[in-house]
Amino acid sequence: MNSAKFYFSIIYTSVLFLLSLYLVNSREAEGKPGPSKNTSPKVDYILNYDYGELGNADGEDDIDDSVAEDGIRVGKDGFSIQDSSCTPPGGMVFLKKHKSASSTLQTVAKNFCRYYSMPGESPPVGSVSGGYPGPFQPEFLGSPRHPKPYAISTHQVFNLEVEKAIFPENAFFLTSVREPLSLFRSMFEYFYRRWDSEAAVRNRKCGFTCWGAPYAHWLAEEADGGVRFGAEISEYLDRLPKIFNKSAPWAFRAKNFQAFELGLDWTRDDKKYVSGKLNELAKAFDLVVLSEYYYESLVLLRERLCLPWQAMYARSRMVSKPYTKEPFTSSQSNTLKKFYAQDFQIYKYFNQTLQKKITTYGRARMSHDARKLRQMYALCDKQPKRCSFSRPQAAKMTKGEPVDNSVVNTSALVEYMEAHQGSCEWGAFAKLKANEPTGCGQDEILFPNL
Ligand SMILES: *[C@@H]1O[C@H](CO)[C@@H](O)[C@H](O)[C@H]1NC(C)=O
Ligand SMILES: *[C@@H]1O[C@H](CO)[C@@H](O)[C@H](O)[C@H]1NC(C)=O
Ligand SMILES: *[C@@H]1O[C@H](CO)[C@@H](O)[C@H](O)[C@H]1NC(C)=O
């Protein structure tokens, strides 16, 4: 097998694997008694983002409804009439947060860059940028990087001052949040539960974000020799108040994780601190997507990004019906409410800002366009070509000037990560610290002599 084929098969297998995980997660999320229960289906019909089922049943037949409800003016494409003039932003800063619909949004952010010919910054190792889990620093980007960057769409810890200073003034700042209980379930599965054993995380190729931590460490008993895999979410939650250690590496995964990725001090729970930060974030971000209002958010996003509807399409990763899962006990829910208090406050706040934006767009109009978009997704899941689009003729792909080709200083990167609770005894971090190839795609650049 030549190396291209080899890497392709690895990527392909990982994609399949992630896909199946996503499936499990999204199925799990369905069983949750959510705030969606009593809301009118017309306005809030996308509370669960399991849109795959649309493709089978009623998807295709009712696509052509040229007469929209509630007197909305509908264009030839079936969507409401959109403004004919539109000025696109001059850059894109997508803060990709873990487990909050961010892979699909990343596709949209990349489509934007492709459409308007903007080069994007890349991760130095694996898929996290900027010195993650330390706050974003531009020196920790993959090469070639741009001293005056246009766009980024990778995992990072938001660094408001720095990112506002280096990206274009009219760049679009985008991120997403997710209902904290369902995000917790999903991340526990993603970072910990799906790994059978220490060997599984140790032998995992690349792996720069310390799979297993801190859960595997905290759940270990003396006899386990440091780490333990295979524990259930319920055991973890029952023990969390006792085993939590805020100084341990990756501890922020156990507390206020969304706040952490948004750049807040995740150890502080006073509401005033969070409210102050929320004001700053609301000014910094042009749009904060809620996973639970995925299509509505995309409708708002399209309007701001001046993109064709097809560019809002990201391939569906979820296709199955919900199944029931163990609900949290009330004491477990209370533990989560306490440990993720900032995240609850953040989520509630950005739901309100999103609701206001939906109202401004027009509730009925939103309902119509979100439904159209959902149908478009179902169609394009079956026939991806229907969502292909081409760049405007005028726009030539630029490399962006100036370009900095220097390779990231890996020892500085390791030090920075260690200083921000990002050390790890396995995976790409351990390799990098030992100055060995990481197994990540960037090895060719980092270790050119091998
Ligand atoms: C908490 O974590 C820190 C950093 O790993 C460690 O030094 C300390 O001993 C831990 N505390 C407890 C009580 O385990
Ligand atoms: C978001 O806010 C709206 C309006 O306040 C509320 O009806 C809805 O239940 C909230 N959605 C979620 C997912 O919390
Ligand atoms: C890389 O970073 C280390 C640690 O911060 C520093 O000592 C070293 O001088 C740096 N190397 C280069 C080439 O800048």
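The values are calculated or read from the model by the stated rules, or taken from the named source; none is laboratory data. Just so it is clear, the structure is predicted and the values come from calculations on it, not from any experiment. Note: ideal-geometry Cβ built from the backbone for every residue, glycine included; neighbour counts use all protein chains shown.
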Legend entry - Among (1) over 21 Å from Arg371 (Cα atoms); (2) at pLDDT below 95; (3) of a type in the set (Gly, Ala, Ser), the one test that Ala101 misses: (1)
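Based on what the data block shows, is Tyr347 away from ligand 1 (no atom under 16 Å from the Cβ), of a type outside the set (Gly, Ala, Ser) and either modelled with pLDDT under 95 or under 30 Å from Glu415 (Cβ atoms) (or both)? Talk me through it step by step, then tell me what you get.
On the way: away from ligand 1 (no atom under 16 Å from the Cβ): yes; of a type outside the set (Gly, Ala, Ser): yes; either modelled with pLDDT under 95 or under 30 Å from Glu415 (Cβ atoms) (or both): no.
Considered against the rule, which asks whether it is away from ligand 1 (no atom under 16 Å from the Cβ), of a type outside the set (Gly, Ala, Ser) and either modelled with pLDDT under 95 or under 30 Å from Glu415 (Cβ atoms) (or both), Tyr347 comes out as no.
Have a look at Gln421, Gln375, Gln355 and point out the one that is within 16 Å of ligand 2 (Cβ to nearest atom) and modelled with pLDDT of 95 or more.
Numbers: Gln421 fails: within 16 Å of ligand 2 (Cβ to nearest atom); Gln375 fails: within 16 Å of ligand 2 (Cβ to nearest atom).
Among Gln421, Gln375, Gln355, only Gln355 is within 16 Å of ligand 2 (Cβ to nearest atom) and modelled with pLDDT of 95 or more.
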Legend entry - Odd one out for Lys110, checked against (1) touching a residue at least 40 places away in the same chain (Cβ under 8 Å); (2) of a type in the set (D, E, K, R); (3) surrounded by 20 or more Cβ atoms within 10 Å (Cβ to Cβ): (3)
Legend entry - Complete set of residues in region 240-272 that are of a type outside the set (A, V, I, L, M, F, W, C), closer than 22 Å to Gln421 by Cα and either within 16 Å of ligand 3 (Cβ to nearest atom) or in a helix (DSSP H, G or I) (or both): Pro241, Lys242, Arg253, Gln258, Glu261
Inset, instruction - Could you check Glu235 against (1) part of a helix (DSSP H, G or I); (2) surrounded by 20 or more Cβ atoms within 10 Å (Cβ to Cβ); (3) free of Cβ contacts under 8 Å to residues at least 60 places away in the same chain and say which number it fails? - result: (2)
Inset, instruction - Being of a type in the set (S, T, N, Q), surrounded by fewer than 22 Cβ atoms within 10 Å (Cβ to Cβ) and touching a strand residue (DSSP E or B) at 6+ places or on another chain (Cβ under 8 Å) is the filter here, so list the residues in region 113-169 that pass it. - result: Ser122, Ser127, Ser143, Asn159
Inset, instruction - Tell me, yes or no, whether region 411-425 has at least one residue that is within 17 Å of Gly130 (Cβ to Cβ), within 16 Å of ligand 3 (Cβ to nearest atom), touching a strand residue (DSSP E or B) at 6+ places or on another chain (Cβ under 8 Å) and in a loop (DSSP other than H, G, I, E, B). - result: yes
Legend entry - Lone unmet requirement of (1) farther than 22 Å from Lys338 by Cα; (2) touching a residue at least 24 places away in the same chain (Cβ under 8 Å); (3) in contact with a helix residue (DSSP H, G or I) (Cβ under 7 Å, 6 or more places away or on another chain); (4) more than 16 Å from ligand 2 (Cβ to nearest atom) for Arg304: (3)
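For (1) within 16 Å of ligand 1 (Cβ to nearest atom); (2) in contact (Cβ under 8 Å) with a residue 40 or more places away in the chain; (3) surrounded by fewer than 18 Cβ atoms within 10 Å (Cβ to Cβ); (4) within 30 Å of Leu264 (Cα to Cα), each residue gets a yes or a no:
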residue: Thr360; (1), (2), (3), (4): no, no, yes, yes
residue: Lys385; (1), (2), (3), (4): no, no, yes, no
residue: Arg391; (1), (2), (3), (4): no, yes, yes, no
residue: Val403; (1), (2), (3), (4): no, yes, yes, no
residue: Ala412; (1), (2), (3), (4): no, yes, yes, yes
residue: Gly422; (1), (2), (3), (4): yes, yes, no, yes
residue: Gly427; (1), (2), (3), (4): no, yes, no, yes
residue: Glu444; (1), (2), (3), (4): no, no, yes, no
Legend entry - Residue list for region 213-223, restricted to those being in contact with a Gly (Cβ under 9 Å, 6 or more places away or on another chain) and surrounded by 22 or more Cβ atoms within 10 Å (Cβ to Cβ): Ala216
